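Reviewing the structure listed below.
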Amino acid sequence: MRIGIGLPNAVPGCTGALITEWATRAERAGFASLAAIDRIVYDSFDPLLALAAAAVTERVELMTTVVIGRRPPGRRVA
């Protein structure tokens, strides 16, 4: 069985460093994939930027679950 986990990119107060740490810990814990969602009703990291920050992993698959095409430019991952 392959189990994935979501990135905290839509959680208020999330930082780029937290996304990178989350991805690293998820890989060490044995998760098969990391996913990011998109939100436009409140400030959140763009899901593609969040996945770029999670690209520090070596074997975990990265995927989006929801990407909203029309939105203001996303925040930079700090």
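The values are calculated or read from the model by the stated rules, or taken from the named source; none is laboratory data. Since this is a predicted model, take the numbers as computed values, not measurements. Note that we place each Cβ from the backbone using ideal geometry, even for glycine, and neighbour counts take in every protein chain shown.
Per-structure values
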| quantity | calculated |
| --- | --- |
| Residue, modelled with the lowest pLDDT, within region 56-78, restricted to residues that are surrounded by 13 or more Cβ atoms within 10 Å (Cβ to Cβ) and closer than 12 Å to residue 19 by Cβ | 77 |
| Output for region 14-55, where each listed residue is over 18 Å from residue 4 (Cα atoms) and either surrounded by fewer than 16 Cβ atoms within 10 Å (Cβ to Cβ) or not hydroxyl-bearing (Ser, Thr, Tyr) (or both) | 14, 15, 16, 17, 39, 40, 41, 42, 43, 45, 46, 49 |
| Residues of region 8-50 satisfying the condition of being modelled with pLDDT of 90 or more and among the small types (Gly, Ala, Ser) | 16, 17, 23, 26, 29, 30, 32, 33, 35, 36, 50 |
